[in-house]
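No value in this document is a laboratory result; all are computed from the given coordinates. From a predicted model like this one, the values you see are computed outputs, not experimental measurements. So basically every Cβ, Gly included, is an ideal-geometry build from the backbone, and we count neighbours across all protein chains shown.
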Amino acid sequence: MIRPALAACLLASLGSIPMVEARPAPDAPPTQMGADPVGDAPSRQIDAGHFKTAEALIAKALAQPGLAPAQRDTLLFQRERMRRILLDFTLDADAVKTRLRKQIPDLTDAEFVKWDDAGLLEKQVIDGRTLYFKRSPGNLFRISAEARARRKEQTPFDDGPNEVLNDHHRAVRAAALANHASSVLPRRESVTQVLTVKAGAVPAGETIRAWIPYPRAIAGQQEDIRLTGSEPAKAAIAPESSLQRTAYLEKKAEAGKPTEFSITYEVTLYARYVDIDPAKVTRTPITPALAPYVAERAPHIVFTDAMRAYSKRVVGNETDPYRIARKLFAAVDTIPWAGAREYSTISNIGDYTLHAGHGDCGEQTLLLMTLLRLNGIPARWQSGWIFSDGKYNNIHDWGQVYLAPYGWVPMDVTFGRLLAGADAKPGDDALEWFYLGGLDAYRIAFNDDYTQPFTPPKTFFRSETVDSQRGEVEWKGGNLYFDQWDYDFRWHRVDTPRGGGGTAP
């Protein structure tokens with residue numbers, strides 16, 4: 001959720017935090033940056049914009065005898081990362097100005113320079129060329145209140161109906177309190193997910209392998225999942241234990257035709273609301289089961305000096321775990337949402353978001369997870385798809401935080417605090433922290449962790465090395481990147497499941 005005034009304060013507070021280079025861990029998966037020390041030097045050169053130097057290092061390392069397969073994969077992925085960055089950073093300054101002038105016809109060069117110098121237009125200097133992120137013109141209006149006020153068309157952003165306090169939130173809380181339950185208002189949905197490979201992406205007659213995200217059962221959140229169809233037939237569903245679960249399909253490409261894969265299933269979804277009493281929350285003993293969720297997990301969750309300094313500024317001397325969680329949730333909520341570059345191109349997502357001063361849902365969630373873990377509060381990942389009874393639907397990331405004695409509860413820092421507006425109703429104040437302990441019923445989780453293996457495994461690098469929401473595709477000639485296929489998500493209500501009000505915590 002965007003709060004421009006608070007975001008400006010956040011950016012100002014970061015001014016004194018030094019930039020700290022992220023160092024990936026040696027045990028990171030091979031498809032991640034810096035997964036092996038052999039890839040560390042090229043990774044640093046890429047982050048610095050020295051692509052020619054990085055390529056020379058990669059070529060030299062690949063020519064060395066005795067290179068292990070994992071090291072080779074690391075180096076090849078660094079080369080692929082440069083290619084992907086150049087697909088995201090495609091605009092020069094004149095192109096950015098041209099796009100901005102569609103909304104600000106009288107944009108001056110002085111205004112552009114001011115916003116550019118303030119870091120509001122994401123860019124990279126690559127081998128001496130200044131290239132801007134292709135979404136930076138649109139992102140400017142989300143990041144800058146000043147630029148937003150200059151827009152010719154003052155239309156609201158399409159951020160989804162549940163980012164604003166509404167009757168659904170009120171109904172969820174009322175049902176939870178009335179039924180003494182944390183999972184309420186069940187709804188049965190039929191979902192069809194489609195992945196379409198563009199004609200000519202793969203030679204005719206070659207087999208295309210596709211992975212489409214598929215939900216796993218989570219008690220009290222999503223239950224009774226039943227596959228009702230697929231194209232082609234006989235989709236192979238990964239085990240329920242898969243933390244990034246998928247349906248696997250194969251099909252041969254036909255000349256001049258797109259290749260379509262799809263799955264259809266039914267699922268019962270619940271809204272969640274945990275009625276947290278702050279006075280009852282206690283410091284969680286870190287058991288072996290919880291230990292991974294307070295630990296660093298390079299490359300994207302690292303307790304850098306900058307992260308520690310920011311945490312100290314936000315948390316101060318607070319020791320109560322729930323108050324710490326609220327402070328951190330509120331702080332990250334002030335970071336404006338902005339369209340993100342591909343996650344596979346970012347060396348450390350949490351650190352990137354801290355310094356960029358903006359982020360999309362996954363970037364905000366990984367930053368919050370890092371800060372919570374740094375303070376000894378267990379946090380973990382969820383992601384999938386959100387939709388509404390209208391036309392809105394989109395991929396989305398959120399998380400969970402462990403608060404004793406309540407256990408794991410949801411958190412969605414992108415939807416953030418729900419502040420009562422002019423149409424406030426009695427009791428709305430109690431819903432401010434709805435998304436720190438609750439979830440709406442309009443989402444399906446595909447993932448209970450990030451960067452997890454598929455079943456069956458991919459042979460080539462994934463297009464999305466962190467999340468899994470759009471799908472993945474490959475053939476014997478290599479991975480098919482996002483510019484070679486499209487995806488879709490369709491749904492309709494089946495009925496309201498029997499049993500009605502909710503389930504106990």
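Below, the figures for the structure above:
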quantity: Sparse-neighbour loop sites [chymotrypsin sites (Phe, Trp or Tyr not before Pro); the stretch 105-164; at most 13 other C-beta within 10 Å; DSSP]; calculated: F157
quantity: Loop sites in the stretch 152-244: trypsin sites (Lys or Arg not before Pro), DSSP, at most 16 other Cβ within 10 Å; calculated: K152, K198, K234
quantity: Estimated vicinal HN-Hα couplings, Hz - the stretch 465-482 in sequence order (Karplus 6.51, -1.76, 1.60; Gly, Pro = x); calculated: 7, 10, 9, 8, 9, 8, x, 9, 9, 7, 9, 5, x, x, 6, 9, 7, 4
quantity: Built amide H within the under 5 Å cut-off of L480, gap 5+; calculated: V473, E474, W475
quantity: Part-to-part distance (alpha-carbon centres) for the stretch 202-261 and the stretch 329-365, which is given in Å; calculated: 29 Å
quantity: Over the stretch 385-495, volume per residue of the alpha carbon convex hull, in Å³; calculated: 179 Å³
quantity: Shape of the stretch 125-276, Cα gyration tensor, a/c cut at 1.5; calculated: oblate
quantity: Long-range HN-HN contacts of V494 with modeled amide H, under 5 Å; calculated: R188, E189, S190
quantity: Relative pair counts by distance (%), Cα atoms of the chain, 20 Å bins; calculated: 21, 56, 22, 0
quantity: ³J(HN,Hα), Karplus 6.51/-1.76/1.60, whole Hz, each residue of the stretch 185-191, x for Gly, Pro; calculated: 6, x, 9, 9, 10, 9, 10
quantity: Karplus (6.51, -1.76, 1.60) ³J(HN,Hα), θ = phi - 60°, over the stretch 435-452, in Hz, Gly and Pro reported as x; calculated: 8, 10, x, x, 9, 6, 9, 10, 7, 10, 8, 9, 10, 10, 6, 10, 6, 10
quantity: Rh by Kirkwood over Cα pairs, then Stokes-Einstein D for the stretch 92-149 at 1.306 mPa s and 10 °C, µm²/s; calculated: 139 µm²/s
quantity: Helix-only CD estimate at 222 nm, as mean residue ellipticity for the chain, using -39500 (n - 2.57) per DSSP H run (n ≥ 4); calculated: -8500 deg cm²/dmol
quantity: Which of L290, L249 has the fewest Cβ neighbours within 10 Å, and the rest in rising order; calculated: L290, L249
